[in-house]
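Scroll down for the structure; my scribbles are underneath it.
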Amino acid sequence: MTDPYNSYQGPTVPAPAVAAPPPIRPARDAISGLDVSDKWKDLFRTIERAGGPDLPRFRVLSVPERRSLQFNWLAFIFGPVYYLTKGLWRQAAVYTVIFIALALTLDALGLHKVIRGLGPGFGAIYAIRANISYYKKMVLDEAPWV
């Protein structure tokens, strides 16, 4: 039993010397070494802040950052040509084949008015997928749709 009034604990033993931890090195920024514009580097860093290509922390981003990730106007306007210039030729080919097959099917069914909506619809698909696909290709070095 210890005496609460006696503060003397006996002789103190020095603690064993602990080696200092190694200095913390900053993580290598793979994005800064890429051969892309500064705008793309900022967009890639935003995707990383959102948790990567699956965007699990998307809600953490500000509204302008979310908008920049969600839609790519150049991909919307130029579609497969934009994908080809970015090196995403497999996706460009698949989306184009699906577009043509769907247009021919709707034409055969006599749904000519619906075909008019395919262009903007597929443009939206191109625009929504462009940033993430290019991130996977450039940063993660994954060949899209191998």
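Mind jotting down a quarter of the surface of the convex hull over the alpha carbons of the stretch 62-124, in square nanometres, one decimal?
Mean shadow area of the hull around the Cα atoms is 4.9 nm².
Please arrange Ile77, Ile31 by how many other C-beta atoms lie within 10 Å of their C-beta, fewest to most.
Final ranking by Cβ density, sparse to dense: Ile77, Ile31.
Would you mind ranking Tyr82, Tyr126 so that the residue whose beta carbon has the fewest other beta carbons within 10 Å leads the list?
Exposure proxy ranking, most exposed first: Tyr82, Tyr126.
At a Förster radius of 41 Å, what calculated FRET efficiency corresponds to the Cβ-Cβ distance of Leu111 and Phe71, to the nearest 0.05?
Calculated transfer efficiency: 0.90.
Throughout, read-outs are computed from the coordinates displayed, never taken from laboratory work. These figures come from a predicted structure and were not determined experimentally. Cβ sites come from the backbone with ideal geometry, for glycine too, and all protein chains shown count toward neighbours.
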